[in-house]
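Remarks on the structure that follows.
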Amino acid sequence: MDAALLINAIAELIGDAGHVATGALSPIPMAASMLARRRSGGKMRVTVLGSRRNSRFTGGAKELFDSAAQGRIDVFFLSGAQIDGEANINLLSIGDYEKPKVRFSGSFGSPYLYMLVPRVILFRPEHDRRALVPKVDFISAPGWSEPEVYRPGGPAALVTGKCLFDWRKDERRFALRSAHPGEDAASIRAATGFDYAEPATVPTTPVPDAALREEIRDLVRSEVAEVYPRFAEEFAV
Amino acid sequence: MDAALLINAIAELIGDAGHVATGALSPIPMAASMLARRRSGGKMRVTVLGSRRNSRFTGGAKELFDSAAQGRIDVFFLSGAQIDGEANINLLSIGDYEKPKVRFSGSFGSPYLYMLVPRVILFRPEHDRRALVPKVDFISAPGWSEPEVYRPGGPAALVTGKCLFDWRKDERRFALRSAHPGEDAASIRAATGFDYAEPATVPTTPVPDAALREEIRDLVRSEVAEVYPRFAEEFAV
Amino acid sequence: MTESLQELVARIPDGAMLVVPPDYSGVAIAATRALVERGVRDLHVVASPSSGIQSDLLIAAGCVRTMEAAAVTLGEFGVAPAFNAAVRAGSIRMLDSTCPALHAALNAAEKGLPFIPLRGLIGSDVLRHRPDWKTIQNPFSDTPDPIVLLPAIRPDIALFHAAAADREGNVWVGRRLELSVMAHAARQTLVTVERVLDTCFFDREELVPGVLPSLYVTAIAVAERGAWPLGIDEEYEPDAEAQARYARGALFMETV
Amino acid sequence: MTESLQELVARIPDGAMLVVPPDYSGVAIAATRALVERGVRDLHVVASPSSGIQSDLLIAAGCVRTMEAAAVTLGEFGVAPAFNAAVRAGSIRMLDSTCPALHAALNAAEKGLPFIPLRGLIGSDVLRHRPDWKTIQNPFSDTPDPIVLLPAIRPDIALFHAAAADREGNVWVGRRLELSVMAHAARQTLVTVERVLDTCFFDREELVPGVLPSLYVTAIAVAERGAWPLGIDEEYEPDAEAQARYARGALFMETV
C-alpha cells in the first residue's frame, strides 16, 4: 500500500475546507489533513482527537460532538470493517450481533458524526470483498436517511487501497473516481462486493513525486508521530 | 432593623448543613452563612454567587443549578416582594402581569432552586401586609407542589424583621417560631396578611451579645464586603 | 486581526437575537454604547441569565423589541429604570425566564438539540406565561412525572468583554464558562478585550481550560475599560459611584 | 486527607456502576489492579466514552457483568483481548453505545435530568439494540422530525487518575473536562493522583477553570505512575512496549 498516495489523495478530497477533524485510529487521515492545511497556507483549521498540539478544543471530549452539531466541522473521517454499496458502515462485529464471529472495538462517534458532518470521507485501505460488501452485518452508521430524519451530513467519498469512489447522494451509490496505479476497472470490480457507477475511462489516481513524498514524510515525523508513534515509525521505514 | 439579630437567627437555622449557597442580592444570608461556617469550625461549605473568595465553583454560572439538581446543596435562600401563606413567592411584579403597577427585577433561579434545594430559607426583612399577603400576584416559585411533581426541595423557614416562622409542609402553612424583641403575637398577627399557626406562648428570638455583634461585624467587613460593598459600608455605621 | 468598535457593532443587524452575559461576567458596555450610537433597532436581547445597565441602556435608547431574562437589575444599586418603565408601559415584549432555563436553552443550542428538559418550573407563573415551553409526561417513567421541555435558544450574536485575546484570536474567559456556552450557542461571537497579547494561550497548558478558542470568535475589538462602569475581575472593580449615578434616574447613556 | 489504594477501592461495592475515562484522559490503572486484587464482582462499567486496557483487565479478572461503551480497544495496539473473547462468548452483557450518547447521558445526570435528546443515531443498529433509548416526535416541530431520547446515566462511582490534588482536595483535570462531567454525574468520585501539592489551586486564578472542586471528590489516594502503562499528559508518556506486550495475548494483569 502506498500510504503517501493515499495521504495525497485524501488531502485533495479535503480541498479548501474550513475545519477538518480526525477521530480515533486515523493516522493517514491525520497526515492528509496536515498536508491539506499546509497547502492552505495554514488557514485551514485541523482538529486531531487525542492531540494536544493539533487541537484547539478546550472543553473536553464532548466539544468535538457539540461543535459538529453547531456546524463548525466541515470534514470528518470514518472507516468500517465493512462498508456496503449504500455507504452503511460497520465498525462493530461480523456475524450475529448477539454471538459475533468477529468483534471489533465499537462504533465510536460514527452514528452521530456521519449524520451531522457535511462531508465525511470514508477510508478503508483494505479493499476486498470482505470489506466492501453488498450489505453490512451491523449498521454502525447509515449511509443515507429517510427525508424526515434530521441529517445535515453524510458521506462524500470512499478511499481504499485500490481506488477512490465518490458518493452520489441522489443515486444512493458510489461512483468510481480513479484507480490507483496497478489497478483498473476490472480489478476493482472484482475486488468490490457492491455495485457502483463507473466512467467509460477510469482515470489514474495522481502519484506523489519524490518532493511530495519527502514533504509527507516530514509531516508524519513532525506532527503525526505525536498521536501515532507506531504508524510514524513504520512509515519512516 | 437589627441586622446582627437576623444574621444570628439565620445562622441558627442553617445549623450544621454540609453545603450552603447564597444567590443574588443576599448580604444578610451571606453573613449568616459565614457565621454558620465559622461555628462549624470551617467544615461547612459555603458558596456565594458573585464571590471569587467564597466560591469553589469552576464550571461557570450553570454549576450552581447543576449541583443543586445533583443534591449537593443543602440550604439556599430566597426572598419575595410578596410571600403568601402557602409559601408562594413573587419576585416579579405587582398587579396585572401584562400591565404591572410595580415591576421588580425578575424571578432569577427561584422557579428551579425552590423546588430542588432541600431547605430553602425565605428572608424578607420588611414585615407588613404588603409583603406578607394572602395570595401573591405572581407565583415566581410555588411553596408546594402536587405529589406527582418532582420536588426534593422546598421552604424550611421564613425570617422577617419581626419574627421567625417555620414552614409546616404537612399542614401547608407557616407556624410562628419566635418574635424579635419589641414584637409579640398580636403585633405580628396585625402585620401579617396571611394566616399561620401560633404557639400558646411565643418565645423571643435570641439577641446577640456584644461579643457576637463584634464577630458578625468582623465577618461583614472581611467577607461580605467583597460582594456587597454598600451593605458592608452601611453595616459598619 | 482586531477591528474598531464601530466595525464590530456594525456586524449586529437590526432585529438580531443578541445574547449578553450577567454583570459579573464581562459585559461589553463600550460596544453597547457604540451599538446605541449606530441606532440599532428591534433587538431580541437574551440575558444569560440576567442583565443590568447594558440592557437598560439599550432599552432606554429604543433599540430593544424583546427582552428575555431571568432578571434585569442594577443589583445593589436598585431597579433598572428604563427596563422598569418599558415593562410597565408595555413598550417592550418581555419574555420572563429563569436562570437555569436560560443556561439550559443555550446549552441545547450548543449541542445542536432542538429542545432540552428541565426540572423545577412546574407551578410557577413563569412557566404559565411561556407558551413556547411544553410540559410533557417523562417518557421514561411509568408513574405520572410531568417535566418541562424548553426550546433551544440559538442567538444570532453573542457579545461580551474579556481581559485579553492572544495573537491567534483565542480569548481568555477563565472561570466564566457561561461565556463559552454563549459563544458555542451563537452563530457569531463578538468580543471586546482590554488588550491583545502577543502570545498563544495554548503554549501554556494550564491556561487552556479557561480559553475560548478562536473557532468560536467572529471578531475582536480592543476597548480599554470596555466594561466600565461594570468591572472585569482580573482588571478593575465595578465603579459604584457611576452605577449609583445611573440608578438615581439617569435614563440616558450620556450620564454614565 | 488521602488514603491507601486499598482503602480507596474498598469504596467500590460489588455490583456498582463505575464510570471510567478514555485512555488519553487519566486512567487509574493502579487502582484498577487493586480493585481486581480485592475481587470485586458484577461491575457495570461505563466508558466515558471508550476504554482500553482498564476495562480489559477488569473483564479478564471476571469483575464485570455489564460493559457500556462506544468502543473498547487498545488503540494502535489492537483489539482488547479479554473484552473481545467475552463478547464472543457472551460472558458479559454488552451495551453498545456511541461517544456523544455517553457524553449526553452523563451530562443529563450532571443536570439532574431524567433524559436528554440527541441528534443522529436514527437508522443505526446501535439504536436498534438499545430498547432503553426512545425515539419520539420532536414536540416543537410541526413536520415529522423523529429524535432520540437517552435516559441519564448516573454512576455510583467515578474513578480516574490525575496529576495532582491540592491540600483542600481539589483535583487538577486541566482540559480533560470529561473528568469533571463524570464526577458531577456520579454519586461518588474516587481519584488517584501522582502527588498532593501543599498549595490551593484557587489561589491562582488562571488554574481555576481546570480544577475539579473537592465538593465532587469523595476520596483521594496517591499512586505514583498510577496510569501506567497508559500515560498522563503532564507527567509521562504511554509505555508502548508494555501495551504491545499486553496486546500480544496476555490476558492477565501479571503480564503488564
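The values are calculated or read from the model by the stated rules, or taken from the named source; none is laboratory data. Being a predicted model, the structure only gives us computed values, none of them experimental. Quick reminder, even Gly has a Cβ in these numbers, built from the backbone with ideal geometry, and neighbours come from all protein chains shown.
When B:F194, B:F231 are screened for being away from chain C (no Cβ under 14 Å) and aromatic (F, W, Y), only B:F194 passes. Only a single criterion out of (1) within 30 Å of D:T135 (Cβ to Cβ); (2) surrounded by fewer than 24 Cβ atoms within 10 Å (Cβ to Cβ); (3) out of contact with any Leu (no Cβ under 9 Å at 6 or more places or on another chain); (4) touching a residue at least 40 places away in the same chain (Cβ under 8 Å) is not satisfied by C:A152, namely (3).
Within the set A:S67, A:S93, A:S40, the sole residue that is touching a strand residue (DSSP E or B) at 6+ places or on another chain (Cβ under 7 Å) and not hydrophobic (A, V, I, L, M, F, W, C) turns out to be A:S93. Scanning segment C:1-15 for residues that are surrounded by fewer than 21 Cβ atoms within 10 Å (Cβ to Cβ), in a loop (DSSP other than H, G, I, E, B) and in contact (Cβ under 8 Å) with a residue 40 or more places away in the chain gives C:M1, C:T2, C:S4, C:R11, C:P13, C:G15.
If you go through segment C:22-41 and keep only what is closer than 15 Å to C:E237 by Cβ and β-branched (V, I, T), you end up with C:V27, C:I29.
Given the condition of a type outside the set (A, V, I, L, M, F, W, C) and modelled with pLDDT of 95 or more, answer yes or no: does some residue in segment C:58-65 qualify? Yes, segment C:58-65 has at least one match.
The one condition from (1) more than 23 Å from D:G112 (Cα to Cα); (2) more than 10 Å from chain C (Cβ to nearest Cβ) that B:R103 does not meet is (2). If you scan segment B:89-116, which residues turn out to be under 19 Å from C:G90 (Cα atoms) and in a strand (DSSP E or B)? Result: B:S93, B:I94, B:G95, B:P100, B:K101, B:V102, B:R103. In the set (1) within 15 Å of D:P22 (Cβ to Cβ); (2) among the polar types (S, T, N, Q); (3) not in a helix (DSSP H, G or I), D:Q54 fails one condition alone, (3). Can you tell me which residue within segment C:24-49, out of those that are within 14 Å of chain B (Cβ to nearest Cβ) and buried (at least 24 other Cβ atoms within 10 Å of the Cβ), is farthest from C:L177 (Cα to Cα)? Going through the qualifying residues, I end up with C:V45.
Here's the yes/no breakdown for (1) of a type in the set (S, T, N, Q); (2) modelled with pLDDT of 95 or more:
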site: D:R176; (1), (2): no, no
site: D:F201; (1), (2): no, yes
site: D:A221; (1), (2): no, yes
site: D:Y236; (1), (2): no, no
site: D:Q243; (1), (2): yes, no
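Identify all residues within segment B:23-32 that are within 14 Å of chain C (Cβ to nearest Cβ) and not aliphatic (A, V, I, L, M); write none if there are none. Within segment B:23-32, B:G23, B:S26, B:P27 meet the criteria. With respect to A:R52, determine if the residue is at pLDDT below 95 and either of a type in the set (D, E, K, R) or in a loop (DSSP other than H, G, I, E, B) (or both). In short, yes. Screening B:D66 with (1) assigned to a helix (DSSP H, G or I); (2) acidic (D, E); (3) over 24 Å from C:T98 (Cα atoms) gives one miss only, at (3).
Of all residues in segment B:33-49, those satisfying the criterion of being assigned to a loop (DSSP other than H, G, I, E, B) and surrounded by fewer than 22 Cβ atoms within 10 Å (Cβ to Cβ) are B:S40, B:G41, B:G42, B:K43, B:M44. The single condition from (1) touching a Ser or Thr at 6+ places or on another chain (Cβ under 9 Å); (2) of a type outside the set (K, R); (3) outside the structural domain of C:P21 (by TED's automatic domain parsing); (4) more than 25 Å from C:S55 (Cα to Cα) that C:V126 fails is (4). Once segment C:167-189 is narrowed to residues that are assigned to a strand (DSSP E or B) and not aromatic (F, W, Y), the residue that is surrounded by the fewest Cβ atoms within 10 Å (Cβ to Cβ) is C:Q188.
Within segment C:50-74, which residues are small (G, A, S) and surrounded by 24 or more Cβ atoms within 10 Å (Cβ to Cβ)? Answer for segment C:50-74, where residues must be small (G, A, S) and surrounded by 24 or more Cβ atoms within 10 Å (Cβ to Cβ): C:S50, C:S51, C:G52, C:S55, C:A69, C:A70, C:A71.
Report yes if D:A80 is of a type in the set (A, V, I, L, M), more than 9 Å from every other protein chain (Cβ to nearest Cβ) and in contact (Cβ under 8 Å) with a residue 12 or more places away in the chain, otherwise no. No: the conditions fail for D:A80.
Filter segment D:209-220 for residues that are away from chain C (no Cβ under 14 Å) and more than 16 Å from B:T47 (Cα to Cα) and give the result. Selection gives D:V217, D:T218, D:A219, D:I220. Across segment A:138-166, what is the total count of residues that are within 12 Å of chain D (Cβ to nearest Cβ) and surrounded by fewer than 20 Cβ atoms within 10 Å (Cβ to Cβ)? The total comes to 9.
Scan segment B:86-99 and tell me whether some residue there is modelled with pLDDT of 95 or more, crowded, with 24+ Cβ neighbours inside 10 Å and within 14 Å of chain D (Cβ to nearest Cβ). No: segment B:86-99 contains no residue that is modelled with pLDDT of 95 or more, crowded, with 24+ Cβ neighbours inside 10 Å and within 14 Å of chain D (Cβ to nearest Cβ).
Go through B:S55, B:S40 for me and flag whichever is closer than 22 Å to D:A183 by Cβ, of a type outside the set (F, W, Y) and over 17 Å from the mean Cα position of the chain (by Cα).
Only one candidate qualifies: B:S55.
Is it the case that segment A:93-102 has a residue that's in contact with a His (Cβ under 7 Å, 6 or more places away or on another chain) and either of a type in the set (G, A, S) or more than 28 Å from A:R45 (Cβ to Cβ) (or both)? Yes, the conditions are met somewhere in segment A:93-102. For C:G120, the conditions (1) crowded, with 24+ Cβ neighbours inside 10 Å; (2) more than 14 Å from chain A (Cβ to nearest Cβ); (3) at negative phi are fulfilled apart from (3).
Taken over segment D:190-208, residues that are exposed (fewer than 14 other Cβ atoms within 10 Å of the Cβ) and at the interface with chain C (Cβ under 10 Å from one of its Cβ atoms) amount to 1.
So that you can scan it fast, the table gives a plain yes or no per residue for (1) within 14 Å of chain A (Cβ to nearest Cβ); (2) under 20 Å from the mean Cα position of the chain (by Cα):
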site	(1), (2)
C:S51	no, yes
C:C63	no, yes
C:I92	no, yes
C:K111	yes, yes
C:D125	no, no
C:I147	no, no
C:A152	yes, yes
